[in-house]
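For reference, the structure discussed in these notes is given below.
The values are calculated or read from the model by the stated rules, or taken from the named source; none is laboratory data. Remember, predicted model here, so these are calculated numbers, not experimental data. Note: ideal-geometry Cβ built from the backbone for every residue, glycine included; neighbour counts use all protein chains shown.
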Amino acid sequence: MRFLTILCIVSAVSALHAAEFRAGAATSNITPELGSSINGGFQDGKAVFIHDELNARCVALDDGKTKLVLVVADSCVIGRGIFDEAKKMVNEATGVPMENMMMSATHSHSCGTAQAVGQSEPSPIYQRFLARRMADGMRCALDNLAPAKIAWGTVDVPQHVYNRRWKMKPGSIPPTPHGVTTDQVKTNPGVNNPNLVEPAGPTDPQVSFISVQSVEGKPIALYANYSLHYVGGVGPGHISADYYGAFANRVGELLGAEQQDPPFVGIMSNGTSGDINNIDFRGGQAKEGLYGRIKIVANDVAQAVAGACKTLTYRDWVELGVAQKEVKLGLRIPTEAEVEKARAVTKQSKLFPRMETMEQVYARETVLLADFPREVSAPLQVMKIGELRVSAIPAEVFVEIGLGLKKRHAQTFTVSLANAYHGYLPTPEQHQLGGYETWRARSACLEVDASTKIVAGLEELFEKLK
């Protein structure tokens, strides 16, 4: 009987490894129309020119038993409703479970508005269009599934990541828009500011990436992850995918993957970059023209990744898996007195209902937050790709959180702004320092201990996938 049990186990394992590994990739155009809203700033923007098309970039993996789909969309932020609508459409058409899809936004500040942020309001027509086009991209990637091999790796590109939160000399930090005078750090303090002391946190120079090829060695897709907020430097009113789109194009060129059928798909996801940007506040960067720094960053990262690809050993099969859970997070809701005071401040705007000053902008945020629920349910997700673990957090995650996960898990990286959007995610320690990312607003209203709860939830998922 014992011999029979062992034989069954061996037969099952052999059958699993005999399964064919497949991969497919596709892009889907999600460019909004001219005249539509562009978010990412305190004032709304309007699209007047399309510098480069926006896309949802998709890669599908299949180990013969489990299918996974990873999608990165050129958008500042995308709410859960849109992601879930796209996932539902794919599930109904293909049978792939919704929890097997990891969808995220790049956080480019030069894309169409998909969710109300700052003073930008989304068009319901664009929201429906975005959901449909992302679903189309996923379905095309699944349709393109073909025998493949896979590898993953990392490479450091430290010269383009800077912590944007700075400790300053005493007395040099002004009151917040809420009138708070206890902030110990200033976000984006200005280049060569004489009051700079030191960055308030670290950076993560590592680019993690997954590469899939055909069995003949032809590149199919490359999914990368870098903890860099975005780059910027686009023209006024320009629609652009920022360095994420430039990287996708450049890495394809460097891998010799141009003019393929189906086309190669390069993908860059946003890592834990809630407090990281591309500005050297010590003044070590040369000034560039429009799109100049985007091209520099994209090329440097693509060169490093393409070079690292040459050192990889590809496998013809790995086991896939996924685990997901919901975590309840409290919100920092204003008191009735704070709301009444804020409402009076908003009425001081000469352009009401549009706000002019930072004090008015944050007063409006206070009024809007009064109608928010006391807590939200945030989806957490971890995908297993062989020994690699890819986690997803629905927020702008501070770099310390991603570094902590990497320290505890040998092969992992984190995708931010994934599957939903719940604003900034500082650590409790960074909350105590204050700064822009902690100022209460719809984009920064999670409870102080939210990151602790999220990390604990992710650790449960890591354990489940062992």
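Can you find a residue in the range 208-220 that is in contact with a His (Cβ under 8 Å, 6 or more places away or on another chain) and surrounded by fewer than 24 Cβ atoms within 10 Å (Cβ to Cβ)? If you could, list the steps in order and put the result at the bottom.
Taking the range 208-220 as the starting set, the residues that turn out to be in contact with a His (Cβ under 8 Å, 6 or more places away or on another chain) are none.
Within the range 208-220 (the criterion being in contact with a His (Cβ under 8 Å, 6 or more places away or on another chain) and surrounded by fewer than 24 Cβ atoms within 10 Å (Cβ to Cβ)), the answer is no, since none of the residues qualifies.
Sort through 466, 407 and tell me the only one that's under 21 Å from the mean Cα position of the chain (by Cα) and either of a type in the set (A, V, I, L, M, F, W, C) or surrounded by fewer than 23 Cβ atoms within 10 Å (Cβ to Cβ) (or both).
Details: 466 fails: under 21 Å from the mean Cα position of the chain (by Cα).
None of the other options fit; the residue is 407.
Filtered by the rule that a residue be among the small types (Gly, Ala, Ser) and touching a strand residue (DSSP E or B) at 6+ places or on another chain (Cβ under 8 Å), the range 410-436 gives 416, 418, 420, 423, 434, 435. Selection of the range 174-204 for residues being hydroxyl-bearing (Ser, Thr, Tyr) and under 21 Å from residue 118 (Cβ atoms) yields 176, 187.
None of 395, 410, 378 is outside the structural domain of residue 348 (by TED's automatic domain parsing) and closer than 30 Å to residue 174 by Cα except 395. Does residue 258 fit the bill of being free of Cβ contacts under 8 Å to residues at least 24 places away in the same chain and either surrounded by fewer than 19 Cβ atoms within 10 Å (Cβ to Cβ) or in a loop (DSSP other than H, G, I, E, B) (or both)? It is true that residue 258 is free of Cβ contacts under 8 Å to residues at least 24 places away in the same chain and either surrounded by fewer than 19 Cβ atoms within 10 Å (Cβ to Cβ) or in a loop (DSSP other than H, G, I, E, B) (or both). Scanning for something surrounded by 16 or more Cβ atoms within 10 Å (Cβ to Cβ), in a loop (DSSP other than H, G, I, E, B) and either of a type in the set (Ser, Thr, Tyr) or at pLDDT below 95 (or both), does the range 297-311 turn up at least one residue? So far as the range 297-311 goes, no, none of its residues is surrounded by 16 or more Cβ atoms within 10 Å (Cβ to Cβ), in a loop (DSSP other than H, G, I, E, B) and either of a type in the set (Ser, Thr, Tyr) or at pLDDT below 95 (or both).
Do any strands (runs of 3 or more DSSP E) entirely within the range 336-419 hold 2 or more residues that are of a type outside the set (Val, Ile, Thr), under 28 Å from residue 114 (Cβ atoms) and out of contact with any His (no Cβ under 7 Å at 6 or more places or on another chain), and if so, which?
Values: elements: 375-385, 388-392, 412-415.
Result: 375-385, 388-392.
Just wondering, is there one or more residues in the range 186-206 that are buried (at least 16 other Cβ atoms within 10 Å of the Cβ), more than 19 Å from the chain's Cα centre (by Cα) and of a type in the set (S, T, N, Q)? Yes, the range 186-206 contains at least one residue that is buried (at least 16 other Cβ atoms within 10 Å of the Cβ), more than 19 Å from the chain's Cα centre (by Cα) and of a type in the set (S, T, N, Q).
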